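Undergrad: Can you keep this structure in mind? I'll have questions shortly.
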Amino acid sequence: MKMEYPVQMKWVIKAETLNASNNDISKAIQETTIPYVYYQPLLRHLSSGNVLFCIIFTKDDQAIEAELSISIPSANKTYQMEMHVCKREKRAVLYKVIIASKQELMDLSNNYIKNGNLTIHVKGIIKKQNLKRKYPFAETSLGCIMWKKCDKDFTFFIGDNSIKVHKFVMAERSTYFKAMFDASWKENEENETTVTEFQYTIVKKAVKYCYDFPLSIDTEQEAISLLEFSDYYDIKTLKLEAESFLMEKIDVENVCNFANASIKSNSKIVRLCCINFLVKCLKDSTAVEGIDDLDADFKSQLLSHAFCSTQKI
């Protein structure tokens, strides 16, 4: 499934700023609601005398698609932007178009400048494939072999159940446990810890994941619990797995529950995906379950992404 982010932005640049500078004039980096995708608009003065408008995207390893245009209403001009690969930076994609020469921009008879400002409107859509869960595992893997050994030196107690693990395995997966085992924590000295915040099934799945067993997530609530577990114990790869599961499941019935869970578990990825989904629902007038129960901070972030941004320089 592809995620989409609508771009609708107005950039106002003072004429004196444009005229005085021969360097790049850039807008602040903009965060999208697609995880790992940011963009920054800028004006670049070329040696030929022309002024180039471009948008630089930063991304992860997955491809970005975009359909973008800019317009300068005062001059009745519209331009379609073209994609160019950034050779110097593999994680960047450049969309650009030449507007005019600096001399033409500053000539008031051309109407690029109105009321002392050059006003550029950017409109379009960004698309990117959703993150995919990975399942690296083999019965002969080192993790599986270690799990079967009897020399485990640490125990989780969850109610009437217990799970034995190797300290060094948990320390490699979790900065929380690394700190515990590198210091004189009570748990380290007693070689055990009691878990009261999470159910046995959640702890067992999380611990076995640390041994490279495939992660089987049966329900949305289980994914949320794993997300909270991974945040509490700082197990980053487990957090990515839970996030990927939730991203694939977002719909009108669960998005508000996921949004609140993203705040509780400090999951920026799930939070952005929920914002992305809810912004589309707002624009399509789609009813969403549980909207009144949304976290107050999340509501504020949602509103900031629901409207066109304007910046003046």
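Undergrad: Residues in segment 167-222 that are under 19 Å from Ala242 (Cα atoms) and among the small types (Gly, Ala, Ser): how many?
TA: So the answer is 3.
Undergrad: Can you list residue pairs whose Cβ atoms sit under 6 Å apart, with the first residue in segment 225-237 being in contact (Cβ under 8 Å) with a residue 60 or more places away in the chain and the second being in a loop (DSSP other than H, G, I, E, B) and surrounded by 21 or more Cβ atoms within 10 Å (Cβ to Cβ)? Count only pairs 6 or more apart in sequence or on different chains.
TA: Asp234/Ser174; Ile235/Ser174
Undergrad: Suppose we keep only residues that are in contact with a Phe, Trp or Tyr (Cβ under 9 Å, 6 or more places away or on another chain) and assigned to a loop (DSSP other than H, G, I, E, B) within segment 1-57. Which one would you say is nearest to Asn130 (Cα to Cα)?
TA: If we take residues in segment 1-57 being in contact with a Phe, Trp or Tyr (Cβ under 9 Å, 6 or more places away or on another chain) and assigned to a loop (DSSP other than H, G, I, E, B), then Ile34 is nearest to Asn130 (Cα to Cα).
Undergrad: Could you tell me which of the residues Thr119, Thr33 is touching a Cys at 6+ places or on another chain (Cβ under 8 Å), touching a residue at least 12 places away in the same chain (Cβ under 8 Å), buried (at least 16 other Cβ atoms within 10 Å of the Cβ) and among the hydroxyl-bearing types (Ser, Thr, Tyr)?
TA: It is Thr33.
Undergrad: For Lys114, all conditions in the list (1) touching a helix residue (DSSP H, G or I) at 6+ places or on another chain (Cβ under 6 Å); (2) at pLDDT below 90 hold save one; what is the number of the exception?
TA: Only one criterion is unmet by Lys114, namely (2).
Undergrad: With the requirement that a residue be in contact with a helix residue (DSSP H, G or I) (Cβ under 6 Å, 6 or more places away or on another chain), without any contact (Cβ under 8 Å) to a residue 40 or more places away in the chain and either at positive phi or not aliphatic (A, V, I, L, M) (or both), what does segment 188-208 give you?
TA: Passing the criteria: Asn188, Thr193.
Undergrad: Residues to consider are Ser225, Ser216; find the one that is within 30 Å of Phe181 (Cβ to Cβ) and modelled with pLDDT under 95.
TA: It is Ser216.
Undergrad: On to the next question. When you scan segment 147-155, do you find a residue that is under 35 Å from the mean Cα position of the chain (by Cα) and modelled with pLDDT under 95, even just one?
TA: yes
Undergrad: What do you reckon, is Leu46 loosely packed, with under 15 Cβ neighbours inside 10 Å, aliphatic (A, V, I, L, M), in the same structural domain as Asn117 (by TED's automatic domain parsing) and more than 28 Å from the chain's Cα centre (by Cα)?
TA: Yes.
Undergrad: Quick one: which residue in Leu226, Leu240, Leu246 is surrounded by fewer than 18 Cβ atoms within 10 Å (Cβ to Cβ), on the phi < 0 side of the Ramachandran plot and part of a helix (DSSP H, G or I)?
TA: Unique residue meeting the criteria: Leu240.
Undergrad: Okay, next question. List pairs: first residue in segment 69-84 and without any contact (Cβ under 8 Å) to a residue 40 or more places away in the chain and under 22 Å from Phe57 (Cα atoms), second residue among the hydrophobic types (A, V, I, L, M, F, W, C) and surrounded by 14 or more Cβ atoms within 10 Å (Cβ to Cβ) anywhere in the structure, Cβ distance under 6 angstrom, at least six positions apart or on different chains.
TA: Tyr79/Ile70; Tyr79/Val97; His84/Leu94
Undergrad: Still on this model: Please go through segment 163-203 and pick out each residue that is touching a strand residue (DSSP E or B) at 6+ places or on another chain (Cβ under 6 Å), part of a helix (DSSP H, G or I) and of a type outside the set (A, V, I, L, M, F, W, C).
TA: Answer for segment 163-203, where residues must be touching a strand residue (DSSP E or B) at 6+ places or on another chain (Cβ under 6 Å), part of a helix (DSSP H, G or I) and of a type outside the set (A, V, I, L, M, F, W, C): Lys167, Glu187, Tyr200.
Undergrad: Let me ask something else. Is it fair to say Phe258 is in the same structural domain as Asp160 (by TED's automatic domain parsing), assigned to a helix (DSSP H, G or I), surrounded by fewer than 22 Cβ atoms within 10 Å (Cβ to Cβ) and under 19 Å from the mean Cα position of the chain (by Cα)?
TA: no
Undergrad: When the residues of segment 58-97 are filtered to those that are farther than 27 Å from Asn110 by Cα, at pLDDT 80 or above and in contact with a Phe, Trp or Tyr (Cβ under 7 Å, 6 or more places away or on another chain), which remaining residue is surrounded by the fewest Cβ atoms within 10 Å (Cβ to Cβ)?
TA: Met83
Undergrad: Right, Leu278: among the hydrophobic types (A, V, I, L, M, F, W, C) and over 30 Å from Lys148 (Cβ atoms) or not? Full working, then the answer.
TA: Working: among the hydrophobic types (A, V, I, L, M, F, W, C): yes; over 30 Å from Lys148 (Cβ atoms): yes.
The answer is yes for Leu278.
The values are calculated or read from the model by the stated rules, or taken from the named source; none is laboratory data. Quick caveat, the model's predicted, so the values are computed rather than measured. A quick note on method: Cβ atoms are made from the backbone with ideal geometry, for glycine too, and the neighbour counts reach across all protein chains shown.
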